[in-house]
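Taking it in order: structure first as structure tokens, then the write-up.
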Amino acid sequence: MQLSDLPSGGVTRLRATSPLALTAAAERRGPEDPIVVFPGLTQPLGSAPSAIIEDVLARTVAVALELFPAWLPAADGTDGTDGAPESDGVLDRFAVRSLSHRHDGAAGLGTALGALATAALRPESIAAFTELPAADRRSAVEYALTRGYGAGRAALALVVDRLIAPHQADALSVGAQWLARGGCAVWLLGPGAAPLDRFPVVDGPPVPDDEDVWPTQYTVGLEPAPLYPPVAGRPHPASAAEKYLEQGLARVDWAAARHWNYAVDLGPLHPPVRVDLLFPQPRLVVEIDGPDHRSVEKYEADRRRDADLLLAGFRVLRLTNSRILGDLAESMSVIRTLVLSGTR
């Protein structure tokens, strides 16, 4: 199942699916498919629609802050990796506010984007953003998600992993409808979403396990933690191992030609495969594996992906999070050997 098979607007219940299933589908996301973010829901669930709305907005704001400055309007052409501006020495709060008003959206969006960008540079200023009208904050977050990922639209997948009381179900229904008034679809999944029969229901792709996520300065303390895909060209902001490895690779000349979270085309008979790190000239793929890769289902899926990549002429190196975080120099030495041997 592709993301394009799912509703692109309004509120929909998804059955027979899970966050990991949608994450797997997102790895094959085409140009017309939405980007999917799992903001999570604080438990116990709020009894008022406003409480649920504020909870979801706060969680999606955390994702938008992680993605900064990829979504900053008119930032192309500034100095930085992959066309994105550098936060150190190039951007300050005055520059980001000026850039934020170069958007192509509704009134109030520029002010909200400016406040959001300022909070990304100075986290203590987040209060200026949270004091804005909820509709303006929703528009800013939707803009950040779609522009940051280069997608035409976005979907918020709200996982209701337990049965909820009738008054909570009513609050969730009203809150979800409000969230879907903008440019995002809202997909409800989990046992608690099943009774919300005011919304249509469709089947989603099933998988058995959930995926572990590394907490960051923005998402620490959020239970459950938000789940979201990586941005092409960058380490996943929720992966400490990917970010640590990038710090090392950025300092060496032999790793200059590298692409993070890149969709590899395996030919017309296969869907694209998103790999963690690609060195194109030596055709080397580096996969960074967390603890979730030890599950039977994930292990089998990894071996199948490796075989497809090998048949397409790529070499595959798998490094665990603990190996990278425990000995960065050794991990980089292995990668260097394979990169240089493949370019001779």
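The values are calculated or read from the model by the stated rules, or taken from the named source; none is laboratory data. Everything numeric in this text was worked out from a predicted model, so none of it was measured. As a convention, Cβ positions derive from the backbone with ideal geometry for all residues, glycine included, and neighbour counts pool all protein chains shown.
Looking across the stretch 272-282, just one residue is over 16 Å from residue 233 (Cα atoms) and surrounded by 15 or more Cβ atoms within 10 Å (Cβ to Cβ), and that is 282. Is at least one residue of the stretch 322-338 surrounded by 15 or more Cβ atoms within 10 Å (Cβ to Cβ), in contact (Cβ under 8 Å) with a residue 12 or more places away in the chain, of a type in the set (D, E, K, R) and on the phi < 0 side of the Ramachandran plot? The answer is no, given that none of the residues of the stretch 322-338 is surrounded by 15 or more Cβ atoms within 10 Å (Cβ to Cβ), in contact (Cβ under 8 Å) with a residue 12 or more places away in the chain, of a type in the set (D, E, K, R) and on the phi < 0 side of the Ramachandran plot. Residues that are at pLDDT 80 or above, under 22 Å from residue 59 (Cα atoms) and either polar (S, T, N, Q) or touching a strand residue (DSSP E or B) at 6+ places or on another chain (Cβ under 7 Å) (or both) do occur in the stretch 20-34, at least one of them.
Considering 297, 242, 330, the condition of being acidic (Asp, Glu) and within 27 Å of residue 150 (Cβ to Cβ) is satisfied by 242 alone. Kindly list the number of the only condition in (1) modelled with pLDDT under 90; (2) touching a Phe, Trp or Tyr at 6+ places or on another chain (Cβ under 7 Å); (3) under 24 Å from residue 70 (Cα atoms) that fails for residue 219. Answer for residue 219: the failing condition is (2).
Quick check on residue 134: is it modelled with pLDDT under 85, among the aliphatic types (A, V, I, L, M) and surrounded by fewer than 19 Cβ atoms within 10 Å (Cβ to Cβ)? It is false that residue 134 is modelled with pLDDT under 85, among the aliphatic types (A, V, I, L, M) and surrounded by fewer than 19 Cβ atoms within 10 Å (Cβ to Cβ). Right, residue 161: among the acidic types (Asp, Glu) and part of a loop (DSSP other than H, G, I, E, B) or not? Taking the combined requirement at face value, the residue satisfies it.
In the stretch 249-269, what residues are surrounded by 14 or more Cβ atoms within 10 Å (Cβ to Cβ) and farther than 23 Å from residue 218 by Cβ?
249, 254, 255, 258, 259, 262, 263, 264, 266
Restricting attention to the stretch 1-15, the residues being of a type in the set (D, E, K, R) and at pLDDT 85 or above number 1. Looking across the stretch 174-199, the residues that are over 22 Å from residue 23 (Cα atoms) and either more than 22 Å from the chain's Cα centre (by Cα) or in a helix (DSSP H, G or I) (or both) come down to 174, 175, 177, 178, 195, 196, 197, 198, 199.
Condition test on residue 234, is it part of a loop (DSSP other than H, G, I, E, B), of a type in the set (Lys, Arg), crowded, with 16+ Cβ neighbours inside 10 Å and at pLDDT 90 or above? Criteria met by residue 234.
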